[in-house]
Amino acid sequence: MPKTADKASAIKKVLRFYEALGVDRIPSLQLPDRSDGLRALRAEIGNCTRCKLHKGRTNIVFGEGNPSARLMFIGEGPGREEDRNGRPFVGEAGQLLDRLINRMGFMREDVYIANIVKCRPPGNRDPEEEEVSTCIDFLKQQIELINPEVIMTLGRVAAHSLLEMKIPITKLRGKFQSYGRTKVMPTFHPAYLLRNPKDKLLVWADAQEVLHKLGMEIK
């Protein structure tokens, strides 16, 4: 049996082959098990000490969900509860995200959830530029392996880091951007919505655009 790292490399080669043919979405049955590639990537990260965030973390928060998800959510970094549990978006903001996912017609296990950085910044501050640049390649590899049709970035840091643009989130949200062949919908972070609940309507409007892009019925 091939090693998981070899499988991850094989998956990436197949994805690039189909991309060269102009295929937007590759059925899962055409690929080796993408979960093997994600496990290989997690093994590559190991007990990471590549940036200073490792000094204060409890757990690396790699990401979780469906390895073949059509929809992926990306936040900026783990918070206190995420650091404690080793899972993304499990605190109060995560509960709000779960409600959005459910309202869109998905279960949490149907989508994939990850962050720009995989260790908690002290005091939940924004990750610094060096921390982002050190960690984001792992996220990009996750995106390549999962090959989602649409990504929803949650908050300013996630949108700016992935899209490499500095447009204010208030102007960026609600408008599709592109990351390779994947469409990206920037929207507000659930933690922001806890402080500004009136803007939940804006996020739901963004989510409806995502559903339309996925060809799903808007409930």
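Identify the single condition in (1) modelled with pLDDT under 95; (2) open to solvent by less than 50 Å² (accessible area, probe 1.4 Å) that Val157 does not satisfy, given that it satisfies every other one.
Every condition holds for Val157 apart from (1).
Every residue in the stretch 98-109 that is open to solvent by 20 Å² or more (accessible area, probe 1.4 Å), in a helix (DSSP H, G or I) and aliphatic (A, V, I, L, M), please.
Of the stretch 98-109, the ones open to solvent by 20 Å² or more (accessible area, probe 1.4 Å) are 98-100, 102-103, 105-109.
Still in the list and also in a helix (DSSP H, G or I): 98-100, 102-103, 108-109.
The one that is open to solvent by 20 Å² or more (accessible area, probe 1.4 Å), in a helix (DSSP H, G or I) and aliphatic (A, V, I, L, M): Leu100.
Which count do you get for residues in the stretch 46-89 that are under 13 Å from the mean Cα position of the chain (by Cα) and without any contact (Cβ under 8 Å) to a residue 12 or more places away in the chain?
The total comes to 0.
Every residue in the stretch 42-61 that is within 14 Å of Ile136 (Cβ to Cβ) and among the hydrophobic types (A, V, I, L, M, F, W, C), please.
Passing the criteria: Ile45, Cys48, Cys51, Leu53.
I'd like the full set of residues that are part of a helix (DSSP H, G or I) and farther than 14 Å from Pro122 by Cα, limited to the stretch 38-83.
Leu38, Arg39, Ala40, Leu41, Arg42, Ala43, Glu44, Ile45 - these are the residues of the stretch 38-83 that are part of a helix (DSSP H, G or I) and farther than 14 Å from Pro122 by Cα.
If you scan the stretch 121-138, which residues turn out to be loosely packed, with under 14 Cβ neighbours inside 10 Å and within 17 Å of Arg50 (Cβ to Cβ)?
Selection gives Pro122, Glu129, Glu130, Ser133, Asp137.
Residue check, Ser161 against (1) among the small types (Gly, Ala, Ser); (2) in a loop (DSSP other than H, G, I, E, B); (3) touching a residue at least 60 places away in the same chain (Cβ under 8 Å), all met but one. Which one?
With (1) among the small types (Gly, Ala, Ser); (2) in a loop (DSSP other than H, G, I, E, B); (3) touching a residue at least 60 places away in the same chain (Cβ under 8 Å) applied to Ser161, the lone miss is (2).
Out of Val150, Val117, Val90, I need the residue that is under 19 Å from Val210 (Cβ atoms) and either in contact with a helix residue (DSSP H, G or I) (Cβ under 8 Å, 6 or more places away or on another chain) or charged (D, E, K, R) (or both). Which one?
From the options Val150, Val117, Val90, the qualifying one is Val150.
Within the set of pairs 6 or more residues apart or between chains, which connect a residue that is in a loop (DSSP other than H, G, I, E, B) inside the stretch 110-129 to a residue that is open to solvent by 70 Å² or more (accessible area, probe 1.4 Å) and hydroxyl-bearing (Ser, Thr, Tyr) with Cβ atoms less than 8 Å apart?
Listed by first residue and then by second, the contacts come to Arg120/Thr58.
Test Gly94 against the criterion of being over 19 Å from Cys48 (Cα atoms) and either of a type in the set (Val, Ile, Thr) or in contact with a strand residue (DSSP E or B) (Cβ under 9 Å, 6 or more places away or on another chain) (or both), and give yes or no. Reasoning before the result, please.
Values: over 19 Å from Cys48 (Cα atoms): yes; either of a type in the set (Val, Ile, Thr) or in contact with a strand residue (DSSP E or B) (Cβ under 9 Å, 6 or more places away or on another chain) (or both): yes.
Against the criterion (over 19 Å from Cys48 (Cα atoms) and either of a type in the set (Val, Ile, Thr) or in contact with a strand residue (DSSP E or B) (Cβ under 9 Å, 6 or more places away or on another chain) (or both)), Gly94 qualifies.
So which of Thr153, Thr187, Thr170 is touching a residue at least 40 places away in the same chain (Cβ under 8 Å) and among the hydroxyl-bearing types (Ser, Thr, Tyr)?
So the residue among Thr153, Thr187, Thr170 that is touching a residue at least 40 places away in the same chain (Cβ under 8 Å) and among the hydroxyl-bearing types (Ser, Thr, Tyr) is Thr153.
The values are calculated or read from the model by the stated rules, or taken from the named source; none is laboratory data. The structure presented is a predicted model; accordingly, all values stated were derived computationally and were not measured. Because the Cβ atoms are built from the backbone with ideal geometry, glycine has one as well, and the counts that use them run over all protein chains shown. For the accessible areas, the whole protein counts, side chains as well, though only heavy atoms, and no ligand, DNA or RNA atoms are used. Shrake-Rupley method; radii C 1.70, N 1.55, O 1.52, S 1.80 Å.
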